[in-house]
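Below: one structure, written as C-alpha cells.
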C-alpha cells in the first residue's frame, strides 16, 4: 500500500490540510501524521494537546497508530524547532528510509508566519532532497503577515514567490465539518479566538484547499519582503533562522 506523510509543527496545525487528509485516505493510502515539536513551553506536558489532535485525526479516519508525536520523543519544545534542526532532519531521513512506499509528503509552507513552521519546512526540503524525494513534497499555507502590519496576519494565503498554486474546491458539507472540528482544541482557546473568524471567512467565501510545490532554492531566502510575522512577534529573526538552516544544508 502506498503511504502519505503529513508533517506538522504543532498539535492543531492539521487544520490546514483537513481536506487533503481526507483525499489521501479516500485514495486508499496509509496516512501518517507526525508532530515535530511537543507543542508546549519547556516544562509543560503535551498530553492534552496530543489527545486533542488524536481526537480530530481519528474522526477524519487516520489510525491512532499512525499519529506520531516525534517532538515529544526528541524533546523539542514549542518555538524551539530552529534550535533542533539536526535532530529533526535525522529523524525524518531515517523514517523515510524505512518507509519506502511514500507517495506524497505535506509540510507547512515557507511563509514567515511561525518559526516552527518555517523550520519544519526547511527540514522537510533538506531531508527529501537528500533522498531524492523532493518531487513528492507539497506545502500548505497556514498563516503569515505578508503586507500586514503589527500583529495582523492572513490565513491560508499562498505566496506567489512559492510558485504555482494548485486549488481544490471543498464541498459545503466538508466546510461545515471542518468548522466543527476546530472546536476540538479547547486548550488553545485563546489562539483560536484569533484564528476562527478568518477560517470561517475562508470557508464561506473561498472554500479551497491550496497547495504548492517546494524548492531548495527558496529556503535560502526570506519567505517574503519586509518583516516576517515571527520577527514582528519577536519569536525569531530571519538572520537567526538563516544561520541555523545553513547548518543542515
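The values are calculated or read from the model by the stated rules, or taken from the named source; none is laboratory data. Here the structure is a predicted model, which is why all the values come from computation and not from measurement. Counting neighbours? That spans all protein chains shown, and the Cβs are built from the backbone with ideal geometry, glycine included.
Couple of notes before you dig in:
- Checking residue 212 against (1) closer than 28 Å to residue 82 by Cβ; (2) in contact with a strand residue (DSSP E or B) (Cβ under 9 Å, 6 or more places away or on another chain); (3) part of a helix (DSSP H, G or I), the condition it does not meet: (3)
- Test result for residue 220, surrounded by fewer than 16 Cβ atoms within 10 Å (Cβ to Cβ), over 13 Å from residue 112 (Cβ atoms) and at pLDDT 95 or above: yes
- Yes/no for residue 60 being under 18 Å from the mean Cα position of the chain (by Cα), farther than 26 Å from residue 246 by Cβ and modelled with pLDDT of 95 or more: yes
- For residue 52: the one exception among (1) surrounded by fewer than 20 Cβ atoms within 10 Å (Cβ to Cβ); (2) under 17 Å from the mean Cα position of the chain (by Cα); (3) without any contact (Cβ under 8 Å) to a residue 60 or more places away in the chain: (3)
- Residues that are crowded, with 17+ Cβ neighbours inside 10 Å and not in a helix (DSSP H, G or I), drawn from region 185-206: 185
- Boolean, residue 69 is surrounded by fewer than 17 Cβ atoms within 10 Å (Cβ to Cβ) and free of Cβ contacts under 8 Å to residues at least 60 places away in the same chain: no
- Among the candidates 40, 17, residue that is closer than 30 Å to residue 148 by Cα, modelled with pLDDT under 95 and surrounded by 20 or more Cβ atoms within 10 Å (Cβ to Cβ): 40
- Residues of region 124-162 satisfying the condition of being under 28 Å from residue 87 (Cα atoms), over 14 Å from the mean Cα position of the chain (by Cα) and surrounded by 19 or more Cβ atoms within 10 Å (Cβ to Cβ): 126, 127, 128, 162
- Test: residue 165 is touching a strand residue (DSSP E or B) at 6+ places or on another chain (Cβ under 6 Å), surrounded by 11 or more Cβ atoms within 10 Å (Cβ to Cβ) and at pLDDT 95 or above: yes
- So residue 124, is it closer than 28 Å to residue 147 by Cβ and at pLDDT 95 or above: yes
- The selection criterion, being closer than 24 Å to residue 179 by Cα, exposed (fewer than 13 other Cβ atoms within 10 Å of the Cβ) and at pLDDT 95 or above, does not hold for residue 34.
- Output for region 3-30, where each listed residue is assigned to a helix (DSSP H, G or I), over 15 Å from residue 156 (Cβ atoms) and either touching a residue at least 40 places away in the same chain (Cβ under 8 Å) or in contact with a helix residue (DSSP H, G or I) (Cβ under 9 Å, 6 or more places away or on another chain) (or both): 21, 22, 23, 24, 25
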